[in-house]
Amino acid sequence: MKTLVVKEHILKANAQAAAENRAEFSRRDITVVNLIGSPGSGKTALLERLTKHPEVRFAALEGDPETSLDAERIERAGASVVQIVTQGTCHLDAGMVHRALRELSLEGVRFLFIENVGNLVCPASFDLGETARVVIFSTTEGEEKPLKYPGAFTSARAVVLNKIDLLPHIPFSLDRAVDTLAKVVPRTPVFPLSCVTGAGFDGFVEWLMELSNRAAPRHGGARVAGRSVG
Ligand SMILES: Nc1nc2c(ncn2[C@@H]2O[C@H](COP(=O)(O)OP(=O)(O)O)[C@@H](O)[C@H]2O)c(=O)[nH]1
Ligand SMILES: [Mg+2]
């Protein structure tokens, strides 16, 4: 009972900070993606690869319990970035994002990617004020993860299935994974791709641009890749 009260209080405070972040993002016309996935699923690799797509001009916040290794990778790849070290906490919250924003240059960017702490449970409970959540899982994690961690998947607007380059080498069935996702999130788009080879990225980038056009139509008109959106 006591634990529940504490949790409610924490989530209420978080919701207030998230609403402030959301207003700030809207005022600055920035599409914000909260990227959730297990440690090693390829969250940082996804952002590194996205720097090769100049239309997705982005800055990033990197959440990790310790070290600034991921921020160093993103900086080397050419994007503006700030590392949030949570000192053991298993998720980011809206207040952490709010404070980190003071240190981050958002000049000229269209997207902000927030790489959450590697975890498929806790991050799903904390709204950061994002435009959309994307959940990433990879072929090395097993097809059944969406069944075991439904909260992360049902709260996401898109699913990235990473490391498809490994399919010939591991006993992972892409068909079974897609069937599992169809049971848990039947209406959510799924993007099988590889951050190593770049295969499958075009569809995901198109989805991101569509998301951004819907969120902030004054960015590039209402058309993406020849298709009308909105
Ligand atoms: N084969 C393969 N390895 C990948 C892919 N994406 C990421 N990796 C590797 O998976 C490991 C974890 O990636 P990282 O981006 O650090 O994952 P994060 O912990 O989710 O940020 C690294 O060794 C990456 O090189 C991929 O598409 N294919
Ligand atoms: Mg990472």
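The values are calculated or read from the model by the stated rules, or taken from the named source; none is laboratory data. Please read these numbers as outputs of a predicted model, since none were measured by experiment. Here the Cβ positions follow ideal geometry from the backbone for every residue, glycine too, while neighbour counts run over all protein chains shown.
In segment 43-72, how many residues are over 22 Å from R102 (Cβ atoms), surrounded by 16 or more Cβ atoms within 10 Å (Cβ to Cβ) and not hydrophobic (A, V, I, L, M, F, W, C)? The number of residues fulfilling the criteria is 6.
Would a scan of segment 170-181 turn up a residue that is closer than 19 Å to E55 by Cβ and of a type in the set (D, E, K, R)?
No - not one qualifying residue is present in segment 170-181.
Taken residue by residue, segment 19-42 has no member that is aliphatic (A, V, I, L, M), surrounded by fewer than 22 Cβ atoms within 10 Å (Cβ to Cβ), within 14 Å of ligand 1 (Cβ to nearest atom) and under 26 Å from Y149 (Cα atoms). Can you find even one residue in segment 218-230 that is in contact with an Asp or Glu (Cβ under 8 Å, 6 or more places away or on another chain), modelled with pLDDT of 65 or more and within 20 Å of F58 (Cβ to Cβ)? No, the conditions are met nowhere in segment 218-230. The selection criterion, being within 15 Å of ligand 1 (Cβ to nearest atom), at pLDDT 95 or above and over 23 Å from L11 (Cβ atoms), holds for E72. Filtered by the rule that a residue be under 17 Å from G40 (Cα atoms), in contact (Cβ under 8 Å) with a residue 40 or more places away in the chain and part of a loop (DSSP other than H, G, I, E, B), segment 108-124 gives N116, V117, G118, N119, L120. Summed over segment 192-207, the residues that are of a type outside the set (V, I, T), in contact with a helix residue (DSSP H, G or I) (Cβ under 8 Å, 6 or more places away or on another chain) and over 20 Å from D179 (Cα atoms) give a count of 4.
Inside segment 130-144, residues that are within 16 Å of ligand 1 (Cβ to nearest atom) and either within 17 Å of the chain's Cα centre (by Cα) or among the acidic types (D, E) (or both) make up a count of 7.
Would you please name the residue that is nearest to ligand 2 (Cβ to nearest atom), looking only at residues in segment 54-73 that are touching a Lys or Arg at 6+ places or on another chain (Cβ under 9 Å) and not aromatic (F, W, Y)? Only one residue fits best here, namely D70. Of the listed requirements (1) of a type in the set (S, T, N, Q); (2) in a helix (DSSP H, G or I); (3) in contact with a strand residue (DSSP E or B) (Cβ under 8 Å, 6 or more places away or on another chain); (4) loosely packed, with under 15 Cβ neighbours inside 10 Å, S105 misses just one: (2). Looking at the structure I just gave you, is E75 surrounded by fewer than 20 Cβ atoms within 10 Å (Cβ to Cβ), among the charged types (D, E, K, R), outside any helix (DSSP H, G or I) and without any contact (Cβ under 8 Å) to a residue 24 or more places away in the chain? In short, no. The residue pairs whose first member lies in segment 136-148 and is touching a residue at least 24 places away in the same chain (Cβ under 8 Å), whose second member is near ligand 1 (Cβ under 10 Å from one of its atoms) and among the charged types (D, E, K, R), and whose beta carbons are closer than 7 Å, counting only pairs six or more residues apart or on different chains, are I136/K43; S138/K163; T139/K163; T140/K163.
The condition of being of a type in the set (V, I, T), away from ligand 1 (no atom under 12 Å from the Cβ), in contact with an Asp or Glu (Cβ under 9 Å, 6 or more places away or on another chain) and over 29 Å from R176 (Cα atoms) holds for only one of V82, V56, V109, that being V82.
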